[in-house]
1. Could you go through the stretch 52-71 and let me know if any residue there is surrounded by fewer than 18 Cβ atoms within 10 Å (Cβ to Cβ) and among the aromatic types (F, W, Y).
2. In the list V61, V82, V149, which residue meets the criterion of being within 18 Å of the chain's Cα centre (by Cα) and either aliphatic (A, V, I, L, M) or farther than 21 Å from L24 by Cα (or both)?
3. Please verify whether S60 is modelled with pLDDT of 95 or more and not aromatic (F, W, Y), treating the condition exactly as stated.
4. If a residue must be more than 17 Å from G176 (Cβ to Cβ) and either without any contact (Cβ under 8 Å) to a residue 24 or more places away in the chain or in contact with a Leu (Cβ under 6 Å, 6 or more places away or on another chain) (or both), how many such residues does the stretch 55-76 contain?
5. Can you tell me how many residues within the stretch 146-192 are modelled with pLDDT of 90 or more and not in a loop (DSSP other than H, G, I, E, B)?
6. Just one of I187, I178, I127, I158 is surrounded by 13 or more Cβ atoms within 10 Å (Cβ to Cβ), over 22 Å from D30 (Cα atoms), of a type in the set (A, V, I, L, M, F, W, C) and without any contact (Cβ under 8 Å) to a residue 40 or more places away in the chain; which is it?
7. Return the pair list, or none, for Cβ contacts closer than 8 Å from residues in the stretch 81-99 that are crowded, with 23+ Cβ neighbours inside 10 Å to residues that are of a type in the set (F, W, Y) and not in a helix (DSSP H, G or I), at least 6 apart or on different chains.
8. Please work out which residue is surrounded by the fewest Cβ atoms within 10 Å (Cβ to Cβ), limiting yourself to the stretch 100-124 and to residues that are β-branched (V, I, T) and assigned to a helix (DSSP H, G or I).
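The values are calculated or read from the model by the stated rules, or taken from the named source; none is laboratory data. Keep in mind it's a predicted model, so treat the numbers as computed, not measured. Cβ atoms come from the backbone with ideal geometry, glycine included; neighbour counts cover every protein chain shown.
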Amino acid sequence: MKKLNYKVLANGELAAGLLAILSLAFFRADIAMMVIYGLVLIYILITKQKHQLKNFAIASVIALIWLLVGGSQYGYNTNYIVIWGMNSFPLFAWACGLFGTQLLYNRYRIYLPTKNLTQDFVIFVLIYCIAIVVIETIGYHVFNIHDLVTAQYSGLPICDCLHAPYWMKIAYFTMGPINYLVTSLIIPSNRS
């Protein structure tokens, strides 16, 4: 069997991630995220990356747990599809976002000057936090995705995004690191 070229995959995955974000400009956000979720699963299966299937499953479980805990806080300016009482947009967006961040970080980690898991973790957290602010800002200001349930809360300074109670803001910034730690513990060789 031919070995996968991870450098080519990394660049393709980065481009696919950017296209996924751009798709929100042309399609309803919930449907776009469900399609992207399905495409990610198909991509993993076609490329036969079994360890990525585990990563995707972990991200999906964390997203599901989050929606079970904080799902009542989601009610958007668009009526998104509800699945088993959960708003489909954040469910699929969190699963894809957590998986995508972990995947891209693992692919580009070889270019980062880290020597151990602690340094990897710190750099991942920095990248994740920047990514969550950028994506939330773009979603709110460019794609007009507004959560009306939490609209009364102030957003983050400067970017005016993430209008939510403090406990939700804390959850947003900790879900990526939690995903990273869980995948590192369950899949210790999660280096590609």
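1. Within the stretch 52-71, none of the residues are surrounded by fewer than 18 Cβ atoms within 10 Å (Cβ to Cβ) and among the aromatic types (F, W, Y).
2. Sole residue among the options that is within 18 Å of the chain's Cα centre (by Cα) and either aliphatic (A, V, I, L, M) or farther than 21 Å from L24 by Cα (or both): V61.
3. yes
4. Of the residues in that region, 3 qualify.
5. Qualifying residue count, the stretch 146-192: 19.
6. I127
7. N87/Y74; N87/Y76; N87/Y80; F89/Y74; F89/Y76; F89/Y80; P90/Y74
8. The extreme case among them is T118.
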